[in-house]
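This report concerns only the one structure given below.
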Amino acid sequence: MVEESTDTPEMKYGEREIEEGELITFPNPRPGRRYNVNITLPEFTCKCPFSGYPDFATIKINYIPDQSVVELKAMKLYINRYRDRYISHEEAVNQILDDFVAACNPLEVTVTGDFAPRGNVHTVIEVHHQQPRV
């Protein structure tokens, strides 16, 4: 028989990276050229703020960069920070948009959260941001 330890397990390196995850950017290699960047994150998870049940989604981020571009590993770590958060579908997608805009201020961005059906309900949340035209 194997005894389980009652000690708090040490945090794994991946858990530390996720906990510290922030959106990091780098200079756009083609400023002034309009081009689309499409990112798909198929393993998004968070928790329902009412039941505590896990919610699963594919997050899609489509953006036209301005002066900076989001680094993809940082994006992955940032998204994984949601896994233990109690947050509604609507708030999660809106918060991702807000944080993304704060990090890289794209010309345009659309964030879509396509949530897996639960209780016979399928939800898709889509939010959009566009820089004001001067």
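The values are calculated or read from the model by the stated rules, or taken from the named source; none is laboratory data. Computed from a predicted structure; not experimentally measured. Cβ coordinates were reconstructed from backbone atoms using ideal geometry, including for glycine residues, and neighbour counts include every protein chain displayed.
Among the residues of segment 48-57, is any within 19 Å of ILE24 (Cβ to Cβ), at pLDDT 95 or above and surrounded by 17 or more Cβ atoms within 10 Å (Cβ to Cβ)? Steps first, please.
Step one: of segment 48-57, the residues within 19 Å of ILE24 (Cβ to Cβ) are none.
No: zero hits.
When segment 65-88 is examined, which residues are found to be outside any helix (DSSP H, G or I) and under 19 Å from GLY52 (Cα atoms)?
Going through segment 65-88, the residues outside any helix (DSSP H, G or I) turn out to be 65-71, 85-88.
Residues satisfying the conditions are ARG85, TYR86, ILE87, SER88.
Out of curiosity, is PRO42 over 12 Å from the mean Cα position of the chain (by Cα), surrounded by fewer than 18 Cβ atoms within 10 Å (Cβ to Cβ) and at pLDDT 95 or above?
On the way: over 12 Å from the mean Cα position of the chain (by Cα): no; surrounded by fewer than 18 Cβ atoms within 10 Å (Cβ to Cβ): yes; at pLDDT 95 or above: yes.
Considered against the rule, which asks whether it is over 12 Å from the mean Cα position of the chain (by Cα), surrounded by fewer than 18 Cβ atoms within 10 Å (Cβ to Cβ) and at pLDDT 95 or above, PRO42 comes out as no.
Can you say whether ALA103 is in contact (Cβ under 8 Å) with a residue 12 or more places away in the chain, in a helix (DSSP H, G or I), over 12 Å from the mean Cα position of the chain (by Cα) and crowded, with 17+ Cβ neighbours inside 10 Å, as far as the supplied structure shows?
On the way: in contact (Cβ under 8 Å) with a residue 12 or more places away in the chain: yes; in a helix (DSSP H, G or I): yes; over 12 Å from the mean Cα position of the chain (by Cα): yes; crowded, with 17+ Cβ neighbours inside 10 Å: yes.
Answer is yes for this residue.
Are any of the residues in segment 123-132 touching a residue at least 24 places away in the same chain (Cβ under 8 Å), part of a helix (DSSP H, G or I) and more than 10 Å from the chain's Cα centre (by Cα)?
No; the residues of segment 123-132 include none that is touching a residue at least 24 places away in the same chain (Cβ under 8 Å), part of a helix (DSSP H, G or I) and more than 10 Å from the chain's Cα centre (by Cα).
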